[in-house]
Amino acid sequence: MEDRFSIADRYILTMRIIQPARVQDVLRAYAEMWDVKEDDRLKDVIYSLHEKMREDGLLVDVRKGTYLLTAKGMEIAARFIKEREIDNRRLFLMKRQRRLYQ
């Protein structure tokens with residue numbers, strides 16, 4: 001994916017691709033998808049973005065600690081990339097994870 005997105009944009013796109021997910025899952029996938037180093041600074045930013053999005057009504061808790069994007073959150077993610085690209089990225093991640101497990 002392109003580097004034209006802000007951290008918040010990248011977070012919501014990552015959440016859209018891997019949902020339902022815990023914030024820890026989003027952090028791990030974010031670092032992998034956007035090729036950034038997972039460190040304490042990134043962790044702090046991701047956790048604060050997560051809280052802000054929950055407060056703004058972009059995330060809904062489906063199980064304890066597991067979240068989905070609301071319709072409003074899905075609309076925001078749809079503005080950035082096409083649905084087909086989201087599906088392709090999800091498939092790519094699944095294949096990569098499957099290879100790591102073997």
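Structural remarks
- Filtering segment 54-78 to residues that are of a type in the set (A, V, I, L, M) and within 17 Å of residue 5 (Cα to Cα) leaves 74, 76, 77, 78.
- Elements of type helices (runs of 4 or more DSSP H) contained in the chain, each with 3 or more residues being without any contact (Cβ under 8 Å) to a residue 24 or more places away in the chain, surrounded by 12 or more Cβ atoms within 10 Å (Cβ to Cβ) and touching an Asp or Glu at 6+ places or on another chain (Cβ under 9 Å): 23-33
- Within segment 62-102, the set of residues being at pLDDT 90 or above and among the charged types (D, E, K, R) comprises 72 only.
- Selection count, segment 1-39, where residues are under 20 Å from residue 79 (Cα atoms) and among the charged types (D, E, K, R): 6
- Any hit, segment 53-75, residues being among the β-branched types (Val, Ile, Thr) and in contact with a Lys or Arg (Cβ under 9 Å, 6 or more places away or on another chain): yes
- Reported count of residues in segment 58-77, each being under 13 Å from the mean Cα position of the chain (by Cα) and of a type in the set (Gly, Ala, Ser), is 2.
The values are calculated or read from the model by the stated rules, or taken from the named source; none is laboratory data. Please read these numbers as outputs of a predicted model, since none were measured by experiment. As a convention, Cβ positions derive from the backbone with ideal geometry for all residues, glycine included, and neighbour counts pool all protein chains shown.
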